[in-house]
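Below is one structure, written out as structure tokens; the observations come after it.
The values are calculated or read from the model by the stated rules, or taken from the named source; none is laboratory data. Only a predicted model underlies this, so the values are computations on that prediction, with no experimental measurement involved. Neighbour counts are summed over all protein chains in view; Cβ atoms, including those assigned to glycine, are modelled from backbone coordinates with ideal geometry. To get the accessible areas, we keep the full protein, side chains included, count just its heavy atoms, and leave off ligands, DNA and RNA. Shrake-Rupley method; radii C 1.70, N 1.55, O 1.52, S 1.80 Å.
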Amino acid sequence: MDFNLQTYRAEQLLHLGVSPARRICVQQNELHRWLEIDGVVQSAMVLSAPHRLCLPHQQTIAALLPERASRVLELGLGGGDMGRHLQARWPEAEFDGVDLDAEVIGLYRDFFMTDEALGRQRLHRADALSFLIETRGCHDLILVDLFSQDGNPPLLFAPDFYQALATRLEGELIMNLLPRTGRELDRVLTLVEHWIGPAQLRGVPGCLNRIVHARKG
């Protein structure tokens, strides 16, 4: 029941937000519900099995997950696909989800959040770096999925971000990247290896995404 990015057809528009900066919508058909920003699908949920992953890069991430984690931090929420999957996979784990976009957080709550997340997932409207610096607590899994309108935000190329990540991480880091150039990718890998530990790079078949995986040594 994978979500076919080429052939999906919407049967119902659940939300439409239009501004000079972007167009954001939530649509669904009999099988899937998805979040779309400027014509690009950001998240997709199987209605009959909300915990299932159905976008290609998520399958790659799932293959890299540790056997267990008890404290999970998501930087970049979207429709919360990985969070739903992990909440079903690790029923006892605690989750924090961070996103700067109030509309995205609201859409997640209204259309993508499951009962399993209630009481287990804390949502934070914040800049990722500010959250890392201004809050406390460590996590044994941190997922980074941050994007701007033209690709990865400048934050992902800043040493301060990785220094802050290192202070909060007690386990594994997995990052979903969409690098515009090889130089951008090399920059991220250099920073991860300097602050976190040796990095593994995985491609996603049929996609431009690159997945970075590292364990804090």
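At a threshold of 8 angstrom on Cα-Cα distance, excluding pairs fewer than six apart, so keeping six or more, what relative contact order does the stretch 68-214 reach in percent?
About 21 percent, as a whole number.
Rounded to the nearest percent, how much of the accessible area of the stretch 6-95 (1.4 Å probe, protein heavy atoms only) is carbon and sulfur?
In the stretch 6-95, the share of accessible area belonging to carbon and sulfur is 47 percent.
Can you give me the convex hull volume of the Cα atoms of the chain, divided per residue and expressed in Å³?
Spelled out: Cα convex hull of the chain, divided by residues, is 121 Å³.
Starting from the Cα of residue 194, step 7 Å toward the Cβ, then list every residue of the stretch 114-158 with an amide N under 15 Å from that point.
Correct set: 155-158.
Report the gain in length on full extension from residue 63 to residue 92: 0.36 nm times residue separation, minus Cα-Cα distance, nm rounded to one decimal.
Computed gain between residue 63 and residue 92 is 8.4 nm.
How many percent of DSSP beta bridges within the chain run antiparallel, rounded to 5? Display every interim value, and only then the final one.
On the way: 29 of 48 bridges.
If I count the DSSP bridges inside the chain, around 60 percent turn out antiparallel.
If ligands, DNA and RNA are left out, what is the accessible area of residue 124 with a 1.4 Å probe, given in Å² to the nearest 10?
Its heavy atoms expose roughly 50 Å² to the probe.
Suppose every Lys and Arg Cβ carries +1 and every Asp and Glu Cβ carries -1, with no other charges. What dipole size does the chain come out with about its Cα centre, to the nearest 20 debye?
Charge dipole, the chain, about its Cα centre: 260 debye, nearest 20.
Could you pull out the GluC sites (Glu not before Pro) across the stretch 1-95 that fall in loop regions by DSSP (anything but H, G, I, E, B) with no more than 12 other Cβ atoms inside 10 Å?
Here the GluC sites (Glu not before Pro) that fit, given the DSSP loop and packing criteria, are 11, 30, 67, 92.
Using the charge dipole of the stretch 1-105 (Lys, Arg: +1 at Cβ; Asp, Glu: -1 at Cβ; taken about the Cα centre), state which of 88, 76, 98 has its Cα farthest towards the positive end.
With unit charges placed on the Cβ atoms, the residue in question is 88.
Among 145, 110, 99, determine the one that fluctuates most according to a GNM of the chain built with springs between C-alpha atoms less than 10 Å apart.
110
Hey, rough spin-label estimate for residue 110 and residue 160, points 7 angstrom out along Cα→Cβ, what's it come to in nanometres?
It works out to 3.4 nm between the two label points.
Assign one of three labels to the stretch 88-164, namely rounded, prolate or oblate, based on the Cα gyration tensor with a ≥ b ≥ c the square roots of its eigenvalues; rounded applies when a/c is under 1.5, prolate when it is not and a/b is larger than b/c, and oblate otherwise.
oblate
For the stretch 79-120, what relative contact order do you get, as a whole percent, if you take Cα pairs closer than 8 Å and at least 6 residues apart?
Across the stretch 79-120, relative contact order equals 62 percent.
Which is the longest run of the chain containing none of the trypsin sites (Lys or Arg not before Pro) found in DSSP loop states (not H, G, I, E, B) with at most 10 other C-beta atoms within 10 Å?
Segment 10-135 is the longest.
Just the number please: accessible area per residue for the chain, 1.4 Å probe, all protein chains included, in Å².
49 Å²
With a bin width of 5 angstrom, please list the P(r) values of the stretch 22-112 as percents of all Cα-Cα pairs, from the 0 bin to the one holding the largest distance.
So the P(r) values, bin by bin, are 3, 13, 24, 27, 20, 10, 3, 0.
Out of residues 5 or more away from residue 171 or on other chains, whose amide H comes under 5 Å of its own, with H placed 1.01 Å from N in the peptide plane?
Here the answer is 216, since their amide H atoms fall under 5 Å of that of residue 171.
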